[in-house]
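Contents: one structure, followed by commentary.
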Amino acid sequence: MSGPRTYLDYNATAPLRPEAKAAICAALEHVGNASSVHGEGRKARDIIETAREQVAALVNAKPSEVVFTGGATEANNWALRAGWSAVFVAAFEHESVLAAGEASDARRVPIPVGATGSADLAACDLTAAPNRSLLTLQMANNETGVRQDICAAAEWAHARGIAFHTDAAQTVGRIAIDFAALRADLMSLSGHKFGGPQGIGALVIRDGFELAPFLKGGGQERRRRAGTENAAAIAGLGAAAEAAAGDRSYEVRIVHLRNRLEAGVRKLTSSAIIIGSEGPRLPNTSCIAMPGRDAATLVIKLDLAGVAVGAGSACSSGKLGRSHILAAMGIAEAVAASAIRVSLGYGTTERDIDEFLAAWAQIHGRATTVASASAAQVRATPELETAGD
Ligand code: PMP
């Protein structure tokens, strides 16, 4: 497929921001271990501490509360595998939270999930909460964009002497987050979801909150996370954080584009169901089900038309299996099996929406008024003329 691609899979990973790329390249030019006392080491330390301030500013935390990790998966493992007696966890959490809970010795207490995808803390079995319990609740879901009431969850936990962790991998850098105000003890974030590089993230640990190191070894990150810091990736994460914080029109822009996309889908295919749209959602995510269709086939047809979207838990590469998230919401198997995830981001344009809708119209055998040159090419793609799976 020649011609420009339309990338609408930001929840899997976002394109690297130019600011992040520049910061990474500059840091790569520099030799130095941040633990060394000489000038080169001090310069590496400077790079890291500047990035720590940038990340802290993005989420209104103190720099001392930001501990760099190899991404949100590591941050989630650290938070969950910290010697808890019990962990309250909902079935819609990301695999890294669910698997870390399983790997820990903690008793897992399920949080019931409502039909709209929200956690029902009032229905939790509290007799199961011994000392040293943790409540983990994601800020927003990677497949549906459904947002949880994190402030209420923090209050619920603290009123019961339960520690509180939130996986904010899909929200940091996309919606305003005030770590100080939301009163979480622990918060995971991931650089590559908002234009930083892959393989870098952080666990934000409230000042004064006791958490033993997960990775043991050297004394890096004030003895909290061993291993020579990945200064270049950290620099990229910091620059992406600063760029995201400065992008004040993001939410308004993205919600407009997402609403246009959904309105277009509904007009072209009245049987489309937008999962999770009944409650609060991230502005960038649209989980679209087409009962009777097969999600994997839809993803491939869109791909052939030059449009990249996700299906199921497609965040884990190449996996097009059954979504545990949609199952947790009680979505019927036939509907879940047809659900694709379209996720927009900082670089998405009106043209991307035009391209998506042109491809969607073609695949579903509908006419569309979209008339850009490349959209016309999409309509001429022979593979797509087999509409009607
Ligand atoms: N939590 C959520 C909600 C995610 O979407 C992801 C990424 N798919 C992760 C955690 C893991 O993040 P990372 O890729 O940085 O390990």
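The values are calculated or read from the model by the stated rules, or taken from the named source; none is laboratory data. Here the structure is a predicted model, which is why all the values come from computation and not from measurement. Cβ placement follows ideal geometry from the backbone for every residue including glycine, while neighbour counts extend to all protein chains displayed. Side chains are part of the model used for accessible areas, which takes the heavy atoms of the whole protein and leaves out ligands, DNA and RNA. Shrake-Rupley method; radii C 1.70, N 1.55, O 1.52, S 1.80 Å.
Tabulated data
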read-out: Computed magnitude of the charge dipole of the chain (debye, nearest 20; Cβ of K, R +1, Cβ of D, E -1); value: 160
read-out: Most mobile listed residue (Lys301, Lys62, Lys267) in the chain, GNM with C-alpha springs under 10 Å; value: Lys267
read-out: Rounded if a/c under 1.5, otherwise prolate or oblate - the chain, Cα gyration tensor axes; value: oblate
read-out: Cross-link partners of Lys301 among aspartates and glutamates (Cα-Cα below 18 Å; sequence separation of 8 or more within a chain); value: Asp9, Asp352, Asp354, Glu355, Glu383, Glu385, Asp389
read-out: Over the chain: helical MRE at 222 nm, DSSP H runs n ≥ 4 each giving -39500 (n - 2.57), nearest 500; value: -11000 deg cm²/dmol
read-out: FRET efficiency, 1/(1 + (r/R0)^6) with R0 30 Å, evaluated for Ala99 and Arg222 via beta carbons; value: 0.65
read-out: Cβ crowding within 10 Å averaged over residues, with 255-262, 89-96, 302-309 ranked highest first; value: 89-96, 302-309, 255-262
read-out: Residues with amide H under 5 Å from that of Glu229, placed H, sequence gap 5 or more; value: Ala34
read-out: Ordering of 232-241, 334-343, 28-37 by burial proxy (mean other Cβ atoms within 10 Å per residue, highest first); value: 232-241, 334-343, 28-37
read-out: Sequence of Arg223, Arg45, Arg366 when ordered by accessible area, the most exposed leading, probe 1.4 angstrom; value: Arg223, Arg366, Arg45
read-out: Kyte-Doolittle at least -0.5, axis length at least 24 Å by Cα - qualifying DSSP helices, the chain; value: 39-59, 250-268
read-out: Segment 209-254: GluC sites (Glu not before Pro) falling in loop per DSSP and having at most 13 other Cβ within 10 Å; value: Glu210
read-out: Rounded FRET efficiency, nearest 0.05, which uses the C-beta distance separating Ala123 from Arg260 and R0 of 45 Å; value: 0.75
read-out: Leading residue at positive end of dipole, the chain (Cβ point charges), from Ala334, Ala22, Ala308; value: Ala22
read-out: Whole-Å distance, taken between Cα centres, linking segment 120-180 and segment 221-247; value: 24
read-out: Whichever lysines have a C-alpha closer than 28 Å to that of Lys43, once near sequence neighbours (fewer than 8 apart) are set aside; value: Lys21, Lys62, Lys193, Lys216
read-out: Förster-model FRET efficiency, 51 Å R0, Ala296 and Asp178, C-beta, rounded to 0.05; value: 0.85
